[in-house]
Amino acid sequence: MAQPPIIETLRAQTGAAHQALEDGIDLERRLDHRDDRVAVVRGFHQLHAAAEAMLAPWLSPVTGLDFAGRRRAQTVRNDLTALGATPGLQAPAPVIDSLGRALGWFYVLEGSSLGGRIIHKGLTTRGHDLTGLSFFDPYGETVGARWRDFVVVLDRETQSGQARSEDIVQGAREAFAFAHSLLAVPKEAECPP
């Protein structure tokens, strides 16, 4: 299935930011240790709680998106509880001033459900404890269908002129940078080579 132009544009213009985020999180190592796992899950909670609060006014009214059914902050909060931890301080997210920027942010959040499913399956296959990690696989077997539904909405809003491509890309870049600020391993915590 051919991807709509907006998906190709997003992948081309945010690929480096996406890779920097993946490289900076070091998930595989950090999920093996309880304290690191708590820090990772807490970071994901801060990301989703802050983003969902600012995105709700823009995305709740979008036909066919089901923003309420895609929110994950409460799931991540429940995962923190399962780990015996509490949420961190609320992270201040940038102010959103257009539907396009909101959709760009949501592209990053929804895209993480695809990667999260792969992470979840990999941990399961390797026999890892999955306590506190249910948020990685929020949609289960429907993840692909839900992603395709999101892409249809994103394409429709772009094609109709309701959301400008430039704004969508800007929002996605902001979301990757925000996620990196919350999730990346602090430089002083990195192990020497």
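The values are calculated or read from the model by the stated rules, or taken from the named source; none is laboratory data. Just so it is clear, the structure is predicted and the values come from calculations on it, not from any experiment. Please note: Cβ atoms are built from the backbone with ideal geometry, for glycine as well, and neighbour counts cover all protein chains shown. All accessible areas refer to the heavy atoms of the entire protein, side chains included, with ligands and DNA or RNA removed. Shrake-Rupley method; radii C 1.70, N 1.55, O 1.52, S 1.80 Å.
Of the helices (runs of 4 or more DSSP H) lying entirely inside the stretch 1-72, those containing at least 2 residues that are under 15 Å from the mean Cα position of the chain (by Cα) are 5-25, 34-59, 67-70.
A single entry from Ser113, Ser98 fulfils the requirement of being open to solvent by less than 40 Å² (accessible area, probe 1.4 Å), among the small types (Gly, Ala, Ser) and over 15 Å from the mean Cα position of the chain (by Cα): Ser98. Looking across Thr131, Thr124, Thr142, Thr158, one residue alone is at negative phi, in contact with a Leu (Cβ under 9 Å, 6 or more places away or on another chain), among the β-branched types (Val, Ile, Thr) and without any contact (Cβ under 8 Å) to a residue 12 or more places away in the chain. It is Thr124. Looking only at the stretch 73-91, residues that are in contact with a Gly (Cβ under 8 Å, 6 or more places away or on another chain) and either outside any loop (DSSP other than H, G, I, E, B) or buried (at least 21 other Cβ atoms within 10 Å of the Cβ) (or both) come to 3 in all. Residue count for the stretch 157-193 satisfying the condition of being at pLDDT 95 or above and open to solvent by 90 Å² or more (accessible area, probe 1.4 Å): 5. Within the set Ala49, Ala82, Ala17, the sole residue that is among the hydrophobic types (A, V, I, L, M, F, W, C) and out of contact with any Lys or Arg (no Cβ under 8 Å at 6 or more places or on another chain) turns out to be Ala82.
Just checking, does the stretch 134-148 include any residue being of a type outside the set (Ser, Thr, Tyr), part of a helix (DSSP H, G or I) and under 18 Å from Val41 (Cβ atoms)? Yes, the stretch 134-148 contains a residue that is of a type outside the set (Ser, Thr, Tyr), part of a helix (DSSP H, G or I) and under 18 Å from Val41 (Cβ atoms). In the stretch 92-106, the residues that are closer than 18 Å to Phe150 by Cα and assigned to a helix (DSSP H, G or I) reach residues that are open to solvent by 20 Å² or more (accessible area, probe 1.4 Å) and at pLDDT 95 or above with C-beta atoms within less than 6 angstrom, at least six apart or across chains, in these pairs: Leu99/Trp58; Leu99/Gln162; Gly100/Arg164; Gly100/Asp167; Arg101/Asp167; Arg101/Gln170; Ala102/Trp58.
Per this entry, Ala68 is counted among residues that are surrounded by fewer than 16 Cβ atoms within 10 Å (Cβ to Cβ) and modelled with pLDDT of 95 or more.
If the condition is being farther than 15 Å from Phe106 by Cα and hydroxyl-bearing (Ser, Thr, Tyr), then the stretch 143-169 contributes only Ser160.
Residues in the stretch 31-40: is at least one under 19 Å from Pro138 (Cα atoms), aliphatic (A, V, I, L, M) and in contact with a Pro (Cβ under 9 Å, 6 or more places away or on another chain)? No - not one qualifying residue is present in the stretch 31-40.
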